1. I need a count of the residues in region 229-251 that are under 21 Å from SER201 (Cα atoms) and either part of a loop (DSSP other than H, G, I, E, B) or acidic (Asp, Glu) (or both).
2. Identify the residue in region 13-51 that is surrounded by 17 or more Cβ atoms within 10 Å (Cβ to Cβ) and among the β-branched types (Val, Ile, Thr) and, among all such residues, is farthest from TRP72 (Cα to Cα).
3. Which condition does PHE215 not pass, out of (1) over 30 Å from CYS157 (Cβ atoms); (2) aromatic (Phe, Trp, Tyr); (3) surrounded by fewer than 17 Cβ atoms within 10 Å (Cβ to Cβ), if it passes all the others?
4. List the residue pairs whose Cβ atoms are under 6 Å apart, where the first residue sits in region 216-228 and is outside any helix (DSSP H, G or I), the second is polar (S, T, N, Q), and the two are 6 or more positions apart or on different chains.
5. Where residues in region 212-252 are in contact with an Asp or Glu (Cβ under 8 Å, 6 or more places away or on another chain), within 30 Å of ASN105 (Cα to Cα) and among the charged types (D, E, K, R), which of them is modelled with the lowest pLDDT?
6. How many residues are in contact with a Phe, Trp or Tyr (Cβ under 6 Å, 6 or more places away or on another chain), open to solvent by 30 Å² or more (accessible area, probe 1.4 Å) and over 15 Å from THR219 (Cα atoms) if we restrict to region 174-203?
7. Out of region 52-70, which residues are in a loop (DSSP other than H, G, I, E, B) and either in contact with a Pro (Cβ under 8 Å, 6 or more places away or on another chain) or open to solvent by 80 Å² or more (accessible area, probe 1.4 Å) (or both)?
Amino acid sequence: MPFNLTILLKTKKTELDGLNYAVFGLGNSTYEYYNKMGKDVDTLLEKRGAVRISELGLGDDDGNIEDDYIHWRETFWADICKKFGVVKSEDNLNIRNYKLVEHDNMHSSKVFKGEMGYLGSYDNQKPPYDTKNPYMADLTVNYNLCSEDSERLVFHCEVDVTKAKIKYEPGDHIAIYPENSAKMVEQIGNKLNIDLDQVMSLDCIDEFTSKKTPFPCPTTFRTALTHYVDITTPPRTNVIKDLAQYARDENEKAFLLKLSSIEGKSNITIGWLRTSVTYYRFWRTVPLSSPL
């Protein structure tokens, strides 16, 4: 519920009698006043007579704030059900947001090849340049400023924007579009038993979202895994939970569900595994049937 903190501070002790509330705060534990806003609002609401129906949640941006929220949400919904005497329906893990469509005999000019802007922007870049149509500049200088003995890596980079006829202005950003390892992509393709050069689209089937595709489509599986899909960071909790439905045996399924649970987060071994195993290693080590 959105509210004005100034108005809340001016309320009297019993003015919020009968109001049920729950707070999830956003913060970063590296700051001195970590999550102070969330903590203060939680305390003020209680002092003004409101009833806390679920414990204060603290999201830590220095860790994994989405996981923090997902686990708090589980407890929150359990408390809601207990408070109002309702039964929470089971999560439907079979609901997919996108439908896979494979295209045969599609001309290459209609297929995205890694562009982040419009189709064909790699070959023919056109101004004006902005976040949706970035200028793809060449990296002309790249070297490490630290000594060979140093554990730090600080790179000096220079890019050539001469052809773009643009100048840097305060607030401008530079983005790096990395490519995933071709070897990793090949191994994931083998694991999923797919033709990496098959042209496909992922079409959104959720009528309540304006996002039609998760990345530029149509494209090939190879291009998607190389340019658009993150395969080198640990999977998020909700992704692991969704993938559990594709486990090939019940033990693996139980392990994945535990990995995505509050218990899994508090378990030192599982917690380390969840933050250290990348998507790439995950696909290689966990026996799954093909989600595609």
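The values are calculated or read from the model by the stated rules, or taken from the named source; none is laboratory data. Predicted model only: the values in this text are computed from it and were never measured. We place every Cβ from the backbone using ideal geometry, glycine too, and count neighbours over all the protein chains shown. Remember, those area values only see protein heavy atoms, side chains included, never the ligands or the DNA or RNA. Shrake-Rupley method; radii C 1.70, N 1.55, O 1.52, S 1.80 Å.
1. Residues flagged as under 21 Å from SER201 (Cα atoms) and either part of a loop (DSSP other than H, G, I, E, B) or acidic (Asp, Glu) (or both) within region 229-251 amount to 4.
2. Per the stated criteria, the residue is VAL41.
3. Answer for PHE215: the failing condition is (1).
4. Close Cβ pairs satisfying both conditions: CYS217/SER201; PRO218/SER201.
5. The extreme case among them is LYS212.
6. Residues meeting the conditions: 2.
7. From region 52-70, those in a loop (DSSP other than H, G, I, E, B) are 53-56, 61-64; that's our starting set.
Correct list: GLU55, ASP61, ASP62.
One line per residue, one yes/no per condition, for (1) more than 26 Å from THR220 (Cα to Cα); (2) open to solvent by less than 80 Å² (accessible area, probe 1.4 Å); (3) not in a strand (DSSP E or B):
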| site | (1), (2), (3) |
| --- | --- |
| TRP72 | yes, yes, yes |
| PHE76 | yes, yes, yes |
| LYS83 | yes, no, yes |
| VAL101 | no, yes, no |
| GLY117 | no, yes, yes |
| TYR122 | no, no, yes |
| PRO128 | yes, no, yes |
